[in-house]
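Working notes, structure below.
Bear in mind these aren't lab numbers, they're just calculated from the coordinates by the rules spelled out. Since the model is a prediction, treat every value here as computed from it, not as a measurement. Quick reminder, even Gly has a Cβ in these numbers, built from the backbone with ideal geometry, and neighbours come from all protein chains shown.
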Protein chains: 2
Amino acid sequence: MTNTTLKEIACQLGISITTVSKALKGYSDVSAKTKKAVIDLANHLNYTPNSFAVNLRTKESKTIGLIIPTLVHDFFSTVIKGILEEAEKRDYLVIILQSNEKLEFEKTQIALLLNKRVDGILMSLSNETGEFEHLKSIISHNTPLVLFDKIAKLVTCSKVTINDKKAAYDAVCYLIKKGYKKIAHFRGSYMPQNSIDRFLGYKKALEDHNIAYDSSLVFVCDNNMDFDDGYENAKKVIDEHSEIDAIFAVTDLVAIGIIKYFNEVGIIIPNQIAVLGFSNWFMSSVVTPQLSTIDQPGFEIGKRSASILFDEINLKKNNFPVVFQSIELPTYIIEREST
Amino acid sequence: MTNTTLKEIACQLGISITTVSKALKGYSDVSAKTKKAVIDLANHLNYTPNSFAVNLRTKESKTIGLIIPTLVHDFFSTVIKGILEEAEKRDYLVIILQSNEKLEFEKTQIALLLNKRVDGILMSLSNETGEFEHLKSIISHNTPLVLFDKIAKLVTCSKVTINDKKAAYDAVCYLIKKGYKKIAHFRGSYMPQNSIDRFLGYKKALEDHNIAYDSSLVFVCDNNMDFDDGYENAKKVIDEHSEIDAIFAVTDLVAIGIIKYFNEVGIIIPNQIAVLGFSNWFMSSVVTPQLSTIDQPGFEIGKRSASILFDEINLKKNNFPVVFQSIELPTYIIEREST
């Protein structure tokens, strides 16, 4: 590194390091002439304050860490956009890491971020994460943690979510009111809380309308809930369950896989089978037919999570007590052509 | 902050700070018993080495900065995935910033990253960026810089791109060979190099096939080259240029806007008008009809850019000279239903 140091500036001007430092900070006991000389030389030499040294003094890194399952995902991109917007307002930088839905990666990444002494951590958990010691290590390290979207109910920290159970319940009630009688659910894998909650919402809506729950109408999307999960399970529906007249999918990506398969084999949506997604990805408004779905406010989730984290960092810095928050953002059904 | 320091460990065990430090580093002049006591207590107290102090000593932050125009974008998400994968291999962390296609934001963000003393910077420029002093400040600051995708030819540093002109040339030659005679181009705005190059490739392909260039067949997508640009300009094509039989769009998002409008008004693709995109977003394989497009290898662009940056950081650290590289990754046409 050839970064200019205070020492070099002091040396070149024949003044003390203290005077250089004071001049750069605008102290009044340095003459205007000296200040100008220091600033001019600092600019000329591309001097920037050494942020490691500043950090060592203030014990703040002005950096937070963000761990998400995957980046190539409309929902998470939108969440990050919200987080970056909030971070910018507060002059924070964001280190982003992808767990690739792996618990092991989450553990390593947390260790890296703690070692980096980030001021706080934002996380949405991987589908594999069923133990929480690594999250508790963040808390016992006294580093603020906010979980969003895929959270762990058992971990004591602030959380920002939607009410997945209620959103799914409303979605299935909507399908029932539309007159659909044999509603299948393409559910997520057994681990993330939001996939469990969406399934429970589906089941409860059936019960409340005196429709017997039939486990053979539930198809598990365990390949990360992606396009292929939808496509492959749609085949099964046609081959094995011709009585099904509507499908409630755990995410839009799964729903788009279903639409793709039905378009290929000439099943007419929604006349023969209706399809309802979850998340409102951009893509869902451009497929044919356009996908009805549930709006999941990613940008707002990102902004609120970051905002809570920055508040907690601030309270901690000033030795004020932190009261954890659990925020549930509202969702609503977007009716398009597929239902 | 209540992070445990070496001093606290030393104090609790009644030994010197030097001994604690040596014990944690595994020095042989500390007894096994003392080492065990130190390590046990350090674990118990959640001790992590202070990375600011380590950084101050090594003058390396093991962090790089990444500035991209926008995150909610299939191509850039894929690039980031490649960058993160490469960073992980080399134990680097990545601070990600979005310029939102604004030159002013780029300037501020570079200053932030330099102030943070990142070891290197990766950038894809905003559509507004037509002056390059801020990029030169990175270089004069002696911080390695690699530009990718949207680059500035005038800036002396390593670059990773595709050959946009050749890719567009090949695309239009392909349309001509398919028998299309009146080929329109939905071009990007006048600033980013890749949008200029794609336009030049279009023009050259016409010339090489003795087709007169007609500027009224070129439509400018200056609303960030998005879905609405495609949708609105598609209307103009139908209203004002019924002779057009094919459209080469600057990006898939624009092409999908075109498809959407044509589907709505009953124009049959490709029989009445063919549509060819650029980038191969995931979405392009799920729209109806499926979009023919050019594959732009985002993941590979991310990996190569990061890999070159880490090599340059390493060379610089060891005072070896750096030879800048200009890498052009190959592209190819993906033929689907829209042509």
Once amide H atoms are built 1.01 Å from N in the peptide plane, which residues 5 or more positions from B:I294, or in another chain, come under 5 Å H to H? B:G277, B:F278, B:S279, B:N280, B:I334
Counting other chain Cβ atoms within 10 Å of each Cβ in B:62-75 and taking the mean gives 3
Inter-copy separations for A:L315, label at 7 Å along Cα-Cβ, nm, ascending: 5.1
Amide H within-cut-off set for B:L145, under 5 Å, with H built and near neighbours excluded: B:I121, B:S158
Helix A:74-89: angle to the longest alpha-carbon principal axis of chain A, degrees 0 to 90, nearest 10? 30 degrees
Taking θ = phi - 60°, what integer Hz values does the Karplus form 6.51 cos²θ - 1.76 cosθ + 1.60 yield along segment A:282-294, in sequence order, with x for Gly and Pro? 3, 3, 5, 8, 10, 6, 10, x, 4, 7, 6, 7, 10
Starting from the Cα of A:K303, draw a straight line to each of the aspartates and glutamates and keep only those under 14 Å, dropping any in the same chain fewer than 8 residues away. A:E85, A:E86, A:E88, A:D149, A:D311, A:E328
Listed peptides B:326-338, B:64-76, B:237-249 by packing density, highest first (mean Cβ within 10 Å): B:64-76, B:237-249, B:326-338
Quickly rank B:161-171, A:19-29 as a protection proxy: mean count of other C-beta atoms within 10 Å, highest first. B:161-171, A:19-29
Could you work out the mean count of beta carbons from other protein chains within 10 Å of each residue's beta carbon in B:79-91? 2
A:K102: which aspartates and glutamates have alpha carbons under 13 Å from its alpha carbon, excluding same-chain residues fewer than 8 sequence positions away? A:E128, A:E131
Would you mind giving the mean number of other chain beta-carbons within 10 Å of the Cβ of each residue in A:105-116, as a whole number? 3
Tell me the Kirkwood hydrodynamic radius of chain B in angstroms, computed as one over the mean inverse distance between distinct C-alpha pairs. 22.8 Å
Helix B:164-177 vs. chain B, principal-axis angle (Cα, 0 to 90°, nearest 10): 30 degrees
Just to confirm the number: angle between the C-alpha axis of helix A:32-44 and the first principal axis of chain A, 0 to 90 degrees, nearest 10? 50 degrees
Taking a point 7 Å out from Cα toward Cβ as the label site, list the nm distances between A:E133 and the same residue in every other copy, smallest first. 5.6
For a quick check: sort A:S285, A:S307, A:S126, B:S140 by the number of other beta carbons within 10 angstrom, fewest at the front. B:S140, A:S285, A:S307, A:S126
What is the diffusion coefficient of the protein assembly as shown in µm²/s, taking the Kirkwood radius over Cα pairs and the Stokes-Einstein relation at 4 °C with a viscosity of 1.567 mPa s? 47 µm²/s
Taking a point 7 Å out from Cα toward Cβ as the label site, list the nm distances between B:K7 and the same residue in every other copy, smallest first. 2.3
Rounded to the nearest 500, what is the 222 nm mean residue ellipticity of chain A from helices alone, with -39500 (n - 2.57) per DSSP H run of 4+ residues and division by all residues? -14000 deg cm²/dmol
Lysines near A:K33 by alpha-carbon distance under 20 Å, same-chain residues fewer than 8 away left out - which ones? A:K7, A:K22, A:K25
Karplus-derived 3J(HN,Hα), 6.51/-1.76/1.60, for each residue of segment B:188-193, Hz, glycine and proline x: x, 5, 7, 8, x, 4
